[in-house]
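Working notes for the structure below.
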Amino acid sequence: MAIFSRLADLLKANINDLIDKAEDPEKMIKQIIIDMEEQLQKAVQGLGTVMASERQMLKQLEEAKAQSKLWEERAKTALKDSNEELAKQAVDNKLKADANVKQYQKMSDDISSQLSILKNQVEILKQKLAEARNRQAILLARDKVADARKEVSDSLGDLDSSGAFAKMDKMERKIAEKEAQADAAFEISGLDAEINDPFAKIEKDKAADEELQRLKDELSKE
């Protein structure tokens, strides 16, 4: 039936291929679910229409059967009254009612068969929609994970492309050069040699002792 054609295409389509073509996978997946929900609603409405037709046909069938029985009873009554002409008229009406019974019975059987097929199809659609909703949750979760991974990968790529670590290595080398220059200047100034010269220390300590003794001598004279 036409109401199932669009949904059949959706169910046969590869959802992953659709996502690959979509700029926003989340919107695309939600739209697929919306389309399936709309098709299911149309299918349910179609099912309701057929069920109403079946009820109407059954009603007409019962009325035709009732008419056939009524004219049969009238034909019998006319025969009991020896009125064959009236009985014949009643039989003619009964035959018309019997023809309607056959027609309505066939139509009712056809509708019942189609109704059974439609009910099965609607149940399948409901199952497919439930499956699609489950896949929606899984696919959206995968999409968010993929976005997060891509963002991290892009950040790492930006670091590499901007040469951030290369720049830091360069700065480290410059700082090391400055430290080396400072060490060299310190050595050139002689301070380092003086500090590390053991003789210079002895002479300095001796000068300090002599000055201290001189001060002691002055105090003793006073």
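At-a-glance table
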read-out: Rg/Rh (Cα only; Kirkwood hydrodynamic radius) as it applies to the range 26-90; value: 1.62
read-out: Estimated vicinal HN-Hα couplings, Hz - the range 48-56 in sequence order (Karplus 6.51, -1.76, 1.60; Gly, Pro = x); value: x, 5, 5, 5, 5, 5, 5, 4, 5
read-out: Gyration tensor over alpha-carbon atoms, the range 83-140, equivalent ellipsoid semi-axes in Å; value: 55, 6, 4
read-out: Net lengthening on full extension, Gln103/Leu58 (0.36 nm per residue, minus Cα-Cα); value: 15.1 nm
read-out: Rounded to whole Hz, the Karplus (6.51, -1.76, 1.60) HN-Hα couplings of the range 137-149, x for glycine and proline; value: 4, 5, 5, 5, 5, 5, 5, 5, 5, 4, 4, 5, 5
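Where a number appears in this text, it was derived from the coordinates with a stated rule and is not lab data. All of these numbers come straight from a predicted model, not from anything done at the bench.
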